[in-house]
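Take a look at the structure below.
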Amino acid sequence: MNALALAAIVISNAWSRPAIGTGVVYLRIANRGAVSDRLDAARTPVARTVEVHRSIDGHASMDGMRMSGVMSMERVPAVTIPAHGSVTFAPGGYHLMAIGLRHDLHPNERFTLQLHFAAAGWKTVPVEVRPI
Ligand SMILES: [Cu+2]
């Protein structure tokens, strides 16, 4: 880890929904640095584990079988954040799954999420639980 890499990653607009058991977190990760970085792990005190997932269109993923409208998701080991670029985690795309919630997520509550980047190390952000 070096100071320049640390300063390059900026996380914003982290939010979630009220949830029991499993929560979903969305956010935006910007990389203001000149080299790409990789989100490769996440954790939060409110859940047993956090996984990086991507929602996929069943139609596109089933190799010829038509399943339009069926959404599923897959775990991804890492997400590359390009240099001078950003990746938005949003419904229908990348998201973080907080699995094994230690308590229910209530509207307007905030909790802490930590994201690990290969170059920038651990970054901590507040997550806002938005009402549905
Ligand atoms: Cu998921």
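The values are calculated or read from the model by the stated rules, or taken from the named source; none is laboratory data. Just so you know, these numbers come straight off a predicted model, no measurement behind them. Every residue, glycine among them, receives a Cβ derived from its backbone with ideal geometry; neighbour counts consider all protein chains shown.
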Check whether at least one residue in region 31-48 is within 16 Å of the ligand (Cβ to nearest atom) and either at pLDDT below 95 or over 16 Å from the mean Cα position of the chain (by Cα) (or both), and report yes or no.
no
Residue that is nearest to Ile11 (Cα to Cα) [pool: residues in region 72-103 that are small (Gly, Ala, Ser) and touching a residue at least 40 places away in the same chain (Cβ under 8 Å)]:
Ser86
If you check every pair at least six apart or on different chains, which have Cβ atoms under 7 Å apart with a residue in region 12-28 that is outside any strand (DSSP E or B) first and a residue that is within 13 Å of the ligand (Cβ to nearest atom) second?
Arg17/Val24
Residues satisfying the stated conditions in region 75-87, i.e. under 13 Å from the mean Cα position of the chain (by Cα) and either among the aromatic types (Phe, Trp, Tyr) or in a strand (DSSP E or B) (or both)
Arg75, Val79, Thr80, Ile81, Ser86, Val87
If we keep only residues of region 74-112 that are within 14 Å of the ligand (Cβ to nearest atom) and at positive phi, then the residue modelled with the highest pLDDT is Gly100
